[in-house]
Amino acid sequence: MKVQYLITMAAIALFIKSWCCADNLHAADASVLKSAGCKTEYFLLQDLTKAYTDKTGTKFQLGSTGNKKAVNLLMENKIDFAFTCETIDQLAGKFQLDPNAIAQWKSVPIAKDPIVIVSNRQNGIRNLTTAQLSDIFQGKINNWQEVGGNDLPVMTAYINSGLGSGVTLLFQEFILGANDKLDTNARLADGPSMLGNYVSLTPGAVTFMGFNSYQEKFGDIVAIDGVVPTRENILNASYGLATTYYLTLTGSEQAEVSQFLDFTRSEEGRTAIELNFIPYSE
């Protein structure tokens, strides 16, 4: 009995030791990829990297730095890849980059980020120009009659900018000038459902939200410059309130980065993108 007991205890000790070592080996093998980029695309990268971490254990450090800082960090080899809302060719001209330094770089499109304008059905509006939209959300247009609608006061609403919403940042970039501000008298909300419910119940109300957040019960989607934000119009770039998001790579990245890029194109990656964005189609 004593011999059997000693054998049993030795087996248990060996199991515990092997389990601990395996656990430590896994922790040591866990990769950390560093990336930085476009402040609105940051929200997409959060969705994608969470899904990839859950699948592979690879961890990420993400920086919401803006395109210019991210490109500089990538050039200095301080990050593994950048996420940008313009291609490297576009950024090269904007930031006067050395063509030789980025000769092997590439920007791979992964998603579209569209915004829709949602109007209460009593407003009598189905189309707005970009200029009208800018004036409305700056508080310069006070009645829907001014843009061909019904005699109702314009009641703007949007997500509280203090929440760091990518939608609010993107709308400001698309619609407002560098020195223009959103209407400070607008109704603020903590999320798209709250916005949608407010618009649906308030004659005169209008808001903007991400394409995937819209529900028909919220109100009418408004065409912009005559173009309706259908999925087809978003993907073919005829609808103006949508941007394309890219992963920008140096061409000499490590295998882990290439594997992450492959994931963004996989069914699992596209599912993660679909949470709040539209996967890019070739």
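The values are calculated or read from the model by the stated rules, or taken from the named source; none is laboratory data. The structure displayed is predicted, hence computed values, not measured ones. Glycine also receives a Cβ, built like all others from the backbone with ideal geometry; neighbour counts cover every protein chain displayed. Protein only, heavy atoms only, side chains kept; ligands, DNA and RNA dropped before computing areas. Shrake-Rupley method; radii C 1.70, N 1.55, O 1.52, S 1.80 Å.
For the reader, a short list of remarks on this structure follows.
- Longest site-free stretch - the chain; sites: trypsin sites (Lys or Arg not before Pro), DSSP loop, at most 12 other Cβ within 10 Å: 79-180
- Ranked from largest, the principal axis spans of the Cα set of the chain equal 94, 57, 32 Å.
- Counting every C-alpha pair in segment 18-162, the share spaced more than 20 angstrom apart comes to 65%.
- Both radii were evaluated on the Cα set of segment 230-282; the Rg over Rh quotient, with Rh as the Kirkwood radius, amounts to 1.03.
- With 0.36 nm allotted per residue and the present C-alpha distance subtracted, the ARG187-LYS69 stretch has 39.1 nm of extension available.
- In the context of the full set of protein chains, the chain has a per residue accessible area of 52 Å² (1.4 Å probe).
- Net +/- balance of residues flanking GLY124 in space, Cβ distance below 11 Å, scoring K and R +1, D and E -1: 0
- If R0 is 25 Å, the Cβ-Cβ spacing of ASN233 and GLN90 corresponds to a FRET efficiency of close to 0.70.
- Relative to the compact-globule estimate of 2.2 N^0.38 Å, the Cα radius of gyration of segment 98-176 comes out at 1.55.
- Over all other residues within a Cβ to Cβ distance under 13 Å of ALA255, the charged ones net out to -4, with Lys and Arg as +1 and Asp and Glu as -1.
- For segment 141-149, Karplus couplings with θ = phi - 60° (6.51, -1.76, 1.60), whole Hz, Gly/Pro x: 10, 10, 9, 5, 4, 5, 10, x, x
- Taking only the C-alpha atoms of segment 163-282, Rg followed by Dmax gives 17.2, 56 Å.
- Cα centroid separation - segment 216-282 against segment 148-197, whole Å: 22
- Under the Karplus curve 6.51 cos²θ - 1.76 cosθ + 1.60, θ = phi - 60°, whole-Hz ³J(HN,Hα) for segment 271-278, x wherever Gly or Pro sits: 5, 5, 5, 5, 4, 9, 9, 10
- Cut-off under 5 Å, modelled amide H: who pairs with GLY66 long-range: GLY37, CYS38, LYS39
- In percent, rounded to a whole number, the relative contact order of segment 144-272 is 20, using alpha-carbon pairs under 8 Å and six or more apart.
- Carbon and sulfur %, accessible surface of the chain computed with the full protein complex present, 1.4 Å: 51
- Normalising the average separation of contacting C-alpha pairs (under 8 angstrom, six or more residues apart) by the number of residues puts the relative contact order of the chain at 26 percent.
- ³J(HN,Hα), Karplus 6.51/-1.76/1.60, whole Hz, each residue of segment 207-224, x for Gly, Pro: 8, 10, 7, x, 3, 6, 8, 5, 10, 4, 5, 5, x, 8, 7, 9, 6, 10
- Of the GluC sites (Glu not before Pro) found in segment 34-89, the ones in coil according to DSSP and having at most 10 other Cβ atoms within 10 Å of their Cβ are GLU76.
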